[in-house]
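These notes are about the structure you will find just below.
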Amino acid sequence: MEASVILPILKKKLAFLSGGKDRRSGLILTIPLCLEQTNMDELSVTLDYLLSIPSEKCKARGFTVIVDGRKSQWNVVKTVVLMLQNVVPAEVSLVCVVKPDEFWDKKVTHFCFWKEKDRLGFEVILVSANKLTRYIEPCQLTEDFGGSLTYDHMDWLNKRLVFEKFTKESTSLLDELALINNGSDKGNQQEKERSVDLNFLPSVDPETVLQAGHELLSELQQRRFNGSDGGVSWSPMDDELLAQPQVMKLLDSLREQYTRYQEVCRQRSKRTQLEEIQQKVMQVVNWLEGPGSEQLRAQWGIGDSIRASQALQQKHEEIESQHSEWFAVYVELNQQIAALLNAGDEEDLVELKSLQQQLSDVCYRQASQLEFRQNLLQAALEFHGVAQDLSQQLDGLLGMLCVDVAPADGASIQQTLKLLEEKLKSVDVGLQGLREKGQGLLDQISNQASWAYGKDVTIENKENVDHIQGVMEDMQLRKQRCEDMVDVRRLKMLQMVQLFKCEEDAAQAVEWLSELLDALLKTHIRLGDDAQETKVLLEKHRKFVDVAQSTYDYGRQLLQATVVLCQSLRCTSRSSGDTLPRLNRVWKQFTIASEERVHRLEMAIAFHSNAEKILQDCPEEPEAINDEEQFDEIEAVGKSLLDRLTVPVVYPDGTEQYFGSPSDMASTAEHIRDRMKLVSLKRQQLRHPEMMTTES
């Protein structure tokens, strides 16, 4: 019988075990009667429940029953005493009926209990509350009977409910755990056959039940079952009566079964985890070797342009994205397997290592294929990028070669030629880079073994190799054609540079000749003070004319070279219409001025030579000195020379130019006049010798 079933009856406190003991160590059972009519059936149920609590050993010492009749009538008391015979006849050793202050008819009561003593099997005494201590120690009586024993019926009832709940739950839990634990001990094969039965969980949480048991045991150990708060700490019942040993026994059994259950759960969880890992490993392996490998088999090309390679790269990134999800599962599985391996369960080590090795081999092989494909596409993209850049450079070079050259001067031609050489050099570097990229790509393709995609890739590789070699050969041919055109353009531009150089040098020759003419007219004005000096000036002048002649010849040769170059370049030379007439005009002017200068110097030589002969004293040749014709000739030459000094040089175009400045000409003329005066004086002396004597 459980307290929870008869809880309303127990709450009425029709009877209770206070925990007190009589002098024989028998338990004291108290039946407090009240003014109201006591329900005997309920009292009987209460007594049955209370008497089921003590152990057999405790029951053997007998019970002392206190029937509190102070608030009841005699017939009720009598009925209760008689009922004890039917409920606990063997266990009752003494019945103490506490009489009220207004005592019942002593004779009647005494006679009745005395008469029934042998039939009842226990002694019944009538005693007042204050005389109850003659039979029971005060410390074993409750306060209702003048004792010091504290008893709280509701507290006892609540703890009893807790105890019975724990007992019921723990007993049921022990049965369930024993069923689970015993079922798991029958081997893996039987466990698989009974997997449905062994997968159920206990009806209650073992941790909760254990915690409740520990709390109950702690309470029992502190206050015993009916201890008092704040009162004297003492044991109201023997250990047999207390629930403490039973609770401890249940807790020990629970801990043992729960420990076994935890191990069973751990093993079951490990097996379930292992099965889940096996399932996930097979999912990863099947996908990577199935759809994953099929995706890679379908992707073998490298594209024929940057855009095509980028499209293939984008497609490959999508494939990698799908693989990344499975690789993430692989990482998680690998961590789980590593954790299980670290647990050190010998029975699962071989299987776990086999799963780990299988998973790693497949994942690493697939990752290597993905990386190889990515590197191949990246190399193809770089190859096509270099090819496109080189193609653009060749297009630019070809466009530059197709445009006719019309530079303004030699410097611009040199700059254009330098730019052309730089572009050609850039093309050479680009072609070399293309060859390196192409060779690297070919090496990667040649290293692509059949295992990479699980099939023979010879045909696909041949198409890729042919494409790469075709691009490199095409670029080589285009570069060769451009080089040939560059050679022709270089020759033409060098001829143009030479043409401009000849034109510049011819113009420079004209400038030099103009400078010589200017120097002739402005600085070559002296006629000398005597015949010797004049001869030196004439010799210098002839050398000066030779320089001018060389300059003119050099200019003519340059202009002839420009004509030849223009014919080769099929262009019109500007020199033929400009520089050549200027050169001829300046040379003509120089020739006229030079001839005039020669005439003047020759006349000056003749004048000074004749004058010096006459002016020198030569007595051995008087007849020559006295020749009047010589004097006349000197005078005529002198006048002629003076007249020539005043005449300008007249050019074919009608322009006139004087030698030197007027002051320079005046100085030269004055010197000639002085010499003419000396000659004239000499003539007079020769005519009149006496004048010479007089003067001397």
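One table, with the values for the structure above:
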item	result
FRET efficiency, 1/(1 + (r/R0)^6) with R0 60 Å, evaluated for Glu504 and Glu670 via beta carbons	0.85
Two-site label geometry, Gln262 and Leu678: point separation in nm, points 7 Å out along Cα→Cβ	15.1
Accessible-area composition of the range 495-545, carbon plus sulfur, in percent [1.4 Å probe]	53
Karplus 3J(HN,Hα) series, Hz, for the range 320-337 with 6.51 cos²θ - 1.76 cosθ + 1.60 (x for Gly, Pro)	4, 4, 5, 5, 4, 4, 6, 5, 5, 5, 4, 4, 4, 5, 5, 5, 5, 5
Spin-label proximity, Val488 to the range 422-444 - amide N less than 18 Å from point 7 Å beyond Cα toward beta carbon	424
Within the range 46-67, backbone nitrogen closer than 13 Å to the virtual label 7 Å beyond the Cα of Leu7 toward Cβ	none
Sequence of Thr523, Thr167 when ordered by accessible area, the most exposed leading, probe 1.4 angstrom	Thr523, Thr167
Amide proton proximity set for Gly20, modelled H, under 5 Å, gap of 5+	Ile28
Amide H partners (placed H, <5 Å) of Val65, local residues excluded	Leu29, Ser93, Leu94, Val95, Cys96
Mean Cβ neighbour count within 10 Å, used as a protection proxy, ranking 497-508, 668-679 highest first	497-508, 668-679
Spin-label model distance (nm) - Asp466 vs Thr655, 7 Å beyond Cα toward Cβ	7.9
Computed E for Leu82/Glu137 - FRET, C-beta separation, R0 30 angstrom, nearest 0.05	0.60
Kirkwood estimate for the range 240-327, i.e. one over the average of 1/r between Cα atoms, Å	18.3
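The values are calculated or read from the model by the stated rules, or taken from the named source; none is laboratory data. Bear in mind that the values here come from a model prediction, so they are computed numbers and not experimental data. No Cβ is skipped: glycine too gets one built from the backbone with ideal geometry, and neighbour counts run over all protein chains shown. Heavy atoms of the whole protein, side chains included, go into the accessibility calculation; ligands, DNA and RNA do not. Shrake-Rupley method; radii C 1.70, N 1.55, O 1.52, S 1.80 Å.
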